[in-house]
1. Taking 0.36 nm per residue of sequence separation and subtracting the Cα-Cα distance, how much length would be gained by fully extending the chain between Lys30 and Tyr50, in nm to one decimal?
2. Can you give me the solvent accessible area of Ser124 with a 1.4 Å probe, rounded to the nearest 10 Å²?
3. Check each of the trypsin sites (Lys or Arg not before Pro) in segment 50-125 and keep only those in coil by DSSP with at most 13 other C-beta atoms within 10 angstrom; list them in order.
4. With the cut-off at 23 Å, tell me which of the pairs Lys45/Lys82; Lys2/Lys38; Lys7/Lys45; Lys45/Lys95 have Cα atoms farther apart than that.
5. Given the Cα-Cα distance of Thr128 and Lys75 and 0.36 nm per residue of separation, how much length would full extension add, in nm?
6. I'd like the accessible area for His29, computed on protein heavy atoms only with a 1.4 Å probe and all protein chains in place. Round to 10 Å², please.
7. Report the Cα-based extents of segment 1-132 along its three principal axes, largest first, to the nearest Å.
8. Just in segment 10-89: which GluC sites (Glu not before Pro) are loop by DSSP and have at most 13 other Cβ atoms within 10 Å?
Amino acid sequence: KKAERSKEKMAILVMDLNRFKEINDHYGHKVGDEVLVKVSEVLQKEMRKYDTVIRYAGDEFVAFLYNAERETAEKIASRIRKSVQSLVLKVRSGKEVRLGISVGISMYPHDGADLNHLFAVADSQMYTDKFESKAEIVEAKGEALRDSIEVDDEIEFQRAN
């Protein structure tokens, strides 16, 4: 309503933590709660002082970027992804856990004027981001596997001489 009244652009970010269920399942809800607190701190740090971010449900967050162009929203989303990915969580047994965050963006008024519609657009984009990040992980694992096969072939070849 404020953006509509003042004729300003606004961005909505819908964010979902990647691998959060796995953290809860393996390390318990206490660790999961600590992860949510740390991620909340990262989100607040990466947002502008006058923007709003809320925990929506479980491991989802929604942010409202007031008077923001798409370029600004994309920069903030990129900073959020990098900051969450750089979190290293030390859990029992000295293990380190990393997680990621998928982010979807919708823009008022470009993507719509109704909050429910804007949320749906950003949510859909977030799932696209989640799918693409999983594809990147699989591709990276595939490249690492190909690299190791190539190295093994070289080793076998050197042994044959």
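The values are calculated or read from the model by the stated rules, or taken from the named source; none is laboratory data. Since this is a predicted model, take the numbers as computed values, not measurements. Positions of Cβ are backbone-derived with ideal geometry, glycine not excepted, and every protein chain shown enters the neighbour counts. Calculation scope for accessible area: heavy atoms of the full protein, side chains included, ligands and nucleic acids excluded. Shrake-Rupley method; radii C 1.70, N 1.55, O 1.52, S 1.80 Å.
1. Numbers: separation 20, 0.36 × 20 = 7.20 nm, distance 3.05 nm.
Residue separation times 0.36 nm, minus the Cα-Cα distance, leaves 4.1 nm.
2. 70 Å²
3. Numbers: sites: Arg55, Arg70, Lys75, Arg79, Arg81, Lys82, Lys90, Arg92, Lys95, Arg98; in loops: Lys95, Arg98.
Sparse-neighbourhood loop trypsin sites (Lys or Arg not before Pro): Lys95, Arg98.
4. Details: Lys45/Lys82 12 Å; Lys2/Lys38 30 Å; Lys7/Lys45 27 Å; Lys45/Lys95 26 Å.
Too far apart for the 23 Å limit: Lys2/Lys38; Lys7/Lys45; Lys45/Lys95.
5. Answer, rounded to one decimal: 17.3 nm.
6. About 130 Å², ignoring ligands and nucleic acids.
7. Over segment 1-132, Cα extents along the principal axes are 54, 26, 23 Å.
8. Details: sites: Glu22, Glu34, Glu41, Glu46, Glu60, Glu69, Glu71, Glu74; in loops: Glu69.
Hits after loop and neighbour filter: Glu69.
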